[in-house]
Structure formats: C-alpha cells, structure tokens
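Everything on this sheet refers to the single structure shown next.
The values are calculated or read from the model by the stated rules, or taken from the named source; none is laboratory data. This is a predicted model, so every value here is computed, not measured. A quick note on method: Cβ atoms are made from the backbone with ideal geometry, for glycine too, and the neighbour counts reach across all protein chains shown.
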Amino acid sequence: MERNLRKNFLDALHGNPVDRIPALSVTQTGTVELMDMTGAAWPEAHSDPKKMVALALAGHEIAGLEAVRYPYCLTVLAEIMGCNVRMGTKDIQPSVLSHPFSKGPENLRMPENLLEKGRIPTILKATEILKNLTVNETQSEVPLIAGMEGPLTVFTHIAEIKNCLIWALKKPDCFNTFMETCTELCIEYANAIFDRGADTLCMPDGGIVGSRMMPPSVLEDSVKPFYKRLCEKVNGPVILHICGDVGDSLKTLSECGFEAISIEEKVSMKAAKEAIGDRARLIGNVSPSGTMLFGTPDVVKAEAKECLSAGVDILAPGCGIAPRTPLANIRALVEARDEWYEEKD
Ligand SMILES: [Zn+2]
C-alpha cells in the first residue's frame, strides 16, 4: 500500500506519531538538473505558473522528496512594495536591488488589491493547479508546501538591514510601524495561499536573528509580538525557517506559535531539541551548501542519519537546496531515512 505522504507529513508537523519520519525540503527545491529534465527553468519559473508547477512537481516525482515545494525566491512581497528585483539566472535566485523605504516609514502602507499585484497571481494560480494534481486520489496525496518571505525579511528588503537594526535600537516606534505593515502584508498573502489549498507555509525569516546582529531583547520585545499575531491570524500551520546559528534564540522563537522551526546545520539538533521542548517541531538540518552540493550520496546519508538519531521531526536540508546540487544527493536524503529504519530494526 502506498503511504499517504500528506497525512504522514501533517502528523509529523503536528507532533503526532508517524510511521516514518518524512524526508523532504521545506526550503527551495529547484535545481539545474530538474530544470533540464522538465524544461521549466529559472528565471521563467518564477513568473510562469505552469513552469513553476512543473519544477515543483519534479522535486517530488523525480528527486523523490516527500512534498511539493514552491516557489523559488523570497522577493514576491518586496517587489510589490516597490523594490527593484533582479530576476537572476538559471542558477541564481532573484535578489532585491533597491530599498525604497530606507529613509523611514513615510508613505508605507498596505497596497490596495494586494492579491492582484506583481507575481502574487502566479503563486496563487500555481497553488490551485498543484492542489488539483496532488490530492486527486486519497492514496497518493502529497503535501503542498508554499514558501514566502516573513515580516522581518520584507522589512529588511524594503528598508535595508542596517536601518532595520538601527531603528530597532534607537527608534522603536519606527521599527514598530514597519513591523505592523509587513506583518499585515504577510498575513493577507499567507491566507490567500491557504485559501487555494496549500497545506503549510514555510517562512524563511530573520536571517538577521541568525547572524547575531540583533540583540535578544529586540527579538523578545519587538519581533515576537508580531510573530505571535501572524501565527494567530494565519489560517494554517506556519514553519519558520531561520538561517545561521540561532541556538540562543530558539526558545523565544518556539514561543511564537509556529508549528515547526527549520534550522541550519550550524545549530546542533540535540541542543535545539532541548531548547524548544515540545513547543514546536524541528526540521533540518543536512548541510545544503556543503554536504548536499559537494558531498557524495554516502556523505549525505551519514549526515541525514545523524539528524534522525538526534531526534529530528522532519528530515530536510538545513536551507534552500543549491541549484547545482546533484540529483543523487537529493535522492540520498530519502534513501538515508529508509536505511535508518532498516538498520534500527
Ligand atoms: Zn536558511
């Protein structure tokens, strides 16, 4: 009998017992090999819903990951808020080039008709198509994971990181004004994605938390209230992904209402488990830029099995999969999980 991957994933995400720990990616899955095999390549797959769908499905159907994950950038909301975005190439992700609110929050407001702006219609269309394709037959349901930037990422994109940090310390009112609008923006966009059938959202956010540039007091007093509001108002489970060494911040982050936290290999899985207890599930943390990009399948497997033995709830790369990652190394993630169960028995 084919396992229901969607049910298995949701059980793992909510902390219920599972037959097998899911092996997938909550962060970006587009690779050059998959682009070549599907004819759906970057940069077009960032704006064309059919190509976005084809590349997302390949992560499951070809690479074997136990979820479908899309899109492949963190610039959708920044672009709508007026940032110039370079769309990148086949192996370089889109990036933000300008910061229209670097002087302050004057004229900062929620865009009208948000869901019709920029590439949001592309993402929503892709969600609808994928929902139809992944839940047709109950026996083979596959979970649908949408990615989107969180409020801190939108803030740092529109205003620049250094301003965000300065205002956090010296102009808390200004910091709050940005967080208010960026959080509202994320909530409306997130709920539109859930309305169209995504099972969960992964929100890579707070790279500045992981970079240790932001004092813990700012996270606790000025960011946490907004994360809590976001988790309360969003109509589905949210996974927070944090880049970098977030060891010290994990307790605070786990108190915000996120269903799970996705961490990089810089954080020890064991220490992370101790820090967050059962307040959230842990996802990670095989090194995507080291092991998965440059290692052999055997090295990937060894690292994946360490994660499993350390108690990870969902086995995944510690961050977005690098576009040049060999297909065999992605497949090794799922194979490692299967071997780990066989070796355990
Ligand atoms: Zn990351």
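Of note:
- Total residues in the stretch 311-325 satisfying the condition of being farther than 15 Å from D338 by Cα and either touching a Ser or Thr at 6+ places or on another chain (Cβ under 8 Å) or hydroxyl-bearing (S, T, Y) (or both): the figure is 9.
- Taking (1) out of contact with any Pro (no Cβ under 6 Å at 6 or more places or on another chain); (2) over 22 Å from G284 (Cβ atoms); (3) not in a loop (DSSP other than H, G, I, E, B) in turn, K224 satisfies each apart from (2).
- Taking the stretch 236-338 as the region of interest, the helices (runs of 4 or more DSSP H) fully inside it that hold 1 or more residues being touching a Gly at 6+ places or on another chain (Cβ under 7 Å) and within 16 Å of the ligand (Cβ to nearest atom) are 269-276, 297-309.
- Of the residues making up the stretch 185-207, at least one is under 23 Å from N163 (Cα atoms), more than 16 Å from the ligand (Cβ to nearest atom) and at pLDDT 95 or above.
- In the stretch 208-234, of all residues being within 17 Å of the chain's Cα centre (by Cα) and over 21 Å from K171 (Cβ atoms), the one that is nearest to the ligand (Cβ to nearest atom) corresponds to G210.
- Among the residues of the stretch 154-178, those identified as buried (at least 24 other Cβ atoms within 10 Å of the Cβ) and within 25 Å of P237 (Cα to Cα) are V154, F155, T156, H157, F178.
- Matching residues, the stretch 110-145, being loosely packed, with under 14 Cβ neighbours inside 10 Å, assigned to a loop (DSSP other than H, G, I, E, B) and either polar (S, T, N, Q) or at pLDDT below 95 (or both): N113, N136, E137
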